[in-house]
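*Asks:* After the structure tokens below, expect a handful of questions from me.
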Amino acid sequence: MNALEHLKSVPVKGRAPKTGYTRDEFGPAWADVDRNGCDTRNDILARDLTDESFKPGTNNCVVASGTLADRYTGTTIHFVRGQDTSSGVQIDHIVALSDAWQKGAQQLNADQRKELANDPLNLMAADGPTNGAKGDKDAATWLPPNKAFRCEYVARQTAVKTKYRLWVTQAEHDAMVGILEGCK
């Protein structure tokens, strides 16, 4: 089944209030949910960067440096861990947690929300400033500047919303259909 067919199964409803939302509702940031000894942030950095090096003595858990082919911007970013440099590459929730909260995640239990926040399907290393500009916007109000990535981006949002039984607003649905209809 393709993303457009999946989207047909995602309910269309209004946005619920943000009342009660905090990041803590999705568990501790960057937990080691897969119990591999590495936190989720480092797992995603290791997955998404190339030529990565690891901080010595961390059992290849803490990514020290690497190269990101940033899908949001289509640029190459050289990542170096450090107080002033780590934020250049951030881990984005493709479906922002605040957006998820307003579209059904408030009805999930704590374990399901923690899974959503740490699910590799919903996570991607991205250019920090671009991720900051995205914030908690949905597909109706933000799409990656790199048009070549928009099909995959919207398809992943659809997959996440389907997996966690979240919904979309009418404007979001229409924007997603507009992107997906143009995909191969």
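Where a number appears in this text, it was derived from the coordinates with a stated rule and is not lab data. Here the structure is a predicted model, which means the values were calculated and not measured. Neighbour counts run over all protein chains shown; Cβ positions are idealised from the backbone, glycine included.
*Asks:* Kindly express, to the nearest 10 degrees and within the range 0 to 90, the angle between helix 150-163's C-alpha long axis and the longest C-alpha principal axis of the chain.
*Replies:* Value to nearest ten degrees: 80.
*Asks:* Can you compute 3J(HN,Hα) from phi for each residue in segment 127-137, using the Karplus curve 6.51 cos²θ - 1.76 cosθ + 1.60 with θ = phi - 60°, rounded to whole Hz and x for Gly and Pro?
*Replies:* Each residue's phi maps through the Karplus curve to give 4, x, x, 5, 4, x, 5, 5, x, 10, 6 Hz.
*Asks:* Residue 64's amide H: which non-local residues (gap 5+, or another chain) put their own amide H closer than 5 Å, with H modeled 1.01 Å from N in plane and none for Pro or chain starts?
*Replies:* Under 5 Å from the amide H of residue 64: 53, 54, 55.
*Asks:* Moving on. Read phi for every residue in segment 116-122 and hand back ³J(HN,Hα) as whole Hz from Karplus 6.51 cos²θ - 1.76 cosθ + 1.60, θ = phi - 60°, with x for Gly and Pro.
*Replies:* 4, 5, 10, 6, x, 4, 9
*Asks:* Can you return the lysines within cross-link range of residue 134? Criterion is Cα-Cα under 26 Å, with same-chain partners fewer than 8 residues away left out.
*Replies:* 8, 13, 18, 103, 114, 147, 161, 163, 184
*Asks:* Exposure proxy check: 147, 114, 55 ranked by fewest other beta carbons within 10 Å? Mind dumping the intermediate values first?
*Replies:* Working: 147 11, 114 17, 55 14.
Lowest count first: 147, 55, 114.
*Asks:* From the residues 82, 123, 2, which one has its Cα farthest along the dipole of segment 1-145 in the positive direction, the dipole being from +1 and -1 charges on Cβ of Lys/Arg and Asp/Glu about the Cα centre?
*Replies:* Value computed over the given set: 2.
*Asks:* From the phi angles alone, apply the Karplus equation (6.51, -1.76, 1.60; θ = phi - 60°) to segment 24-29 and give each ³J(HN,Hα) in whole Hz, x where the residue is Gly or Pro.
*Replies:* Result, rounded to whole Hz: 4, 5, 10, x, x, 4.
*Asks:* Quick one: helix 170-180 against the long Cα principal axis of the chain, what's the angle to the nearest 10°, folded into 0 to 90?
*Replies:* Computed tilt is about 70 degrees.
*Asks:* Please give me, ordered by residue number, the GluC sites (Glu not before Pro) of segment 79-184 that lie in loop per DSSP and have at most 13 other Cβ atoms within 10 Å.
*Replies:* Details: sites: 115, 152, 172, 181; in loops: 181.
Passing both the DSSP loop test and the Cβ count: 181.
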